[in-house]
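Below: one structure, written as structure tokens.
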Amino acid sequence: GIQVEQSPPDLILQEGANSTLRCNFSDSVNNLQWFHQNPWGQLINLFYIPSGTKQNGRLSATTVATERYSLLYISSSQTTDSGVYFCAVKPMDSNYQLIWGAGTKLIIKP
Amino acid sequence: NAGVTQTPKFQVLKTGQSMTLQCAQDMNHEYMSWYRQDPGMGLRLIHYSVGAGITDQGEVPNGYNVSRSTTEDFPLRLLSAAPSQTSVYFCASSRLAGGTYEQYFGPGTRLTVT
């Protein structure tokens with residue numbers, strides 16, 4: 001089955017720093033989503049981005065489907081950005097199931 | 001729009017007890033699913049449904065039952081709880097028409113089995 005790898009596994013930054021999170025996947029997909037899981041466990045949709053680039057405030061994401069990777073950029077980090085960032089993909093031949101990476105744990109220090 | 005709602009938020013069960021986790025969505029989504037999340041991991045699919053009356057198994061279905069009698073509701077039943085089912089459970093829904101498959105998640109139910 002498809003493999004989804006996220007890097008780095010952990011990231012500790014000072015408030016105001018920028019960061020890039022990466023998601024590699026091993027097969028063709030027709031859905032890729034980025035989620036933020038906050039310290040209270042809530043899953044928040046960040047981007048639906050099977051290809052191309054999107055921006056929402058300080059966050060942006062780019063997926064290069066032909067090269068099987070996606071990047072999540074966070075600029076001017078705030079302490080509220082802390083949590084775990086997950087990439088999840090739906091393989092083209094799957095039964096709607098999202099396959100999840102293990103996540104990147106981000107800690108923003110004040 | 002309330003989106004995807006789940007009840008209860010927290011539950012403690014004893015081994016062997018049964019219970020039902022409730023999930024409802026008000027977005028008229030065809031697709032609904034249940035995932036579990038164990039510590040330090042991503043989510044794994046338990047069961048899913050592509051419409052009322054249609055359900056199928058996901059990656060980790062053992063010990064769980066589902067039914068889909070209406071578009072809005074998709075309850076998850078634990079038949080005989082085991083400590084290995086201690087986890088956080090998330091319900092999700094998605095439109096299928098249009099081919100986007102973007103999924104929306106509920107707030108989760110934290111289940112502890114002692």
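The values are calculated or read from the model by the stated rules, or taken from the named source; none is laboratory data. Just so it is clear, the structure is predicted and the values come from calculations on it, not from any experiment. Every residue, glycine as well, gets a Cβ built from its backbone with ideal geometry; the counts of neighbours run over all protein chains shown. Protein only, heavy atoms only, side chains kept; ligands, DNA and RNA dropped before computing areas. Shrake-Rupley method; radii C 1.70, N 1.55, O 1.52, S 1.80 Å.
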Inset, instruction - Check every one of the strands (runs of 3 or more DSSP E) wholly within the stretch B:6-114 and list those with 2 or more residues that are under 25 Å from A:Val29 (Cβ atoms). - result: B:31-37, B:43-51, B:54-57, B:87-94, B:103-105
Inset, instruction - Please work out if B:Val113 is away from chain A (no Cβ under 14 Å), crowded, with 17+ Cβ neighbours inside 10 Å and touching a residue at least 12 places away in the same chain (Cβ under 8 Å). - result: yes
Inset, instruction - Only residues that are open to solvent by 50 Å² or more (accessible area, probe 1.4 Å), touching a residue at least 40 places away in the same chain (Cβ under 8 Å) and not basic (Lys, Arg): list them for the stretch B:1-19, please. - result: B:Thr5, B:Thr7, B:Phe10, B:Gln11, B:Val12, B:Thr15, B:Gln17, B:Ser18
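Just to be sure before I move on: is B:Arg77 among the charged types (D, E, K, R), under 20 Å from B:Ala2 (Cα atoms) and either out of contact with any Leu (no Cβ under 8 Å at 6 or more places or on another chain) or at pLDDT 95 or above (or both) in the structure I sent?
Values: among the charged types (D, E, K, R): yes; under 20 Å from B:Ala2 (Cα atoms): no; either out of contact with any Leu (no Cβ under 8 Å at 6 or more places or on another chain) or at pLDDT 95 or above (or both): yes.
Judged against the criteria, B:Arg77 is not a match.
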Legend entry - In the stretch B:50-70, the residues that are open to solvent by less than 30 Å² (accessible area, probe 1.4 Å), within 14 Å of another protein chain (Cβ to nearest Cβ) and of a type in the set (Val, Ile, Thr): none
Legend entry - Any pair with Cβ under 8 angstrom, 6 or more apart, that starts in the stretch A:28-40 at a residue that is farther than 15 Å from A:Gly52 by Cα and at the interface with another protein chain (Cβ under 9 Å from one of its Cβ atoms) and ends at one that is open to solvent by 40 Å² or more (accessible area, probe 1.4 Å) and polar (S, T, N, Q): A:Phe35/A:Asn45
Legend entry - Complete set of residues in the stretch B:71-106 that are within 14 Å of chain A (Cβ to nearest Cβ), over 18 Å from A:Ile99 (Cα atoms) and open to solvent by 60 Å² or more (accessible area, probe 1.4 Å): B:Gly98
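Output the number of residues of the stretch A:92-108 satisfying the condition of being assigned to a loop (DSSP other than H, G, I, E, B) and either more than 7 Å from chain B (Cβ to nearest Cβ) or free of Cβ contacts under 8 Å to residues at least 12 places away in the same chain (or both). Give the derivation first.
Step one: of the stretch A:92-108, the residues assigned to a loop (DSSP other than H, G, I, E, B) are A:92-98, A:101-103.
Subsequent filtering for residues that are either more than 7 Å from chain B (Cβ to nearest Cβ) or free of Cβ contacts under 8 Å to residues at least 12 places away in the same chain (or both) retains A:92-97.
Number satisfying all stated conditions: 6.
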Inset, instruction - Can you run down the residue pairs with Cβ atoms below 8 Å, 6 or more apart or on separate chains, where the first is in the stretch A:41-60 and within 11 Å of chain B (Cβ to nearest Cβ) and open to solvent by less than 50 Å² (accessible area, probe 1.4 Å) and the partner is assigned to a strand (DSSP E or B) and of a type in the set (D, E, K, R)? - result: A:Gly41/B:Arg110; A:Phe47/A:Lys54
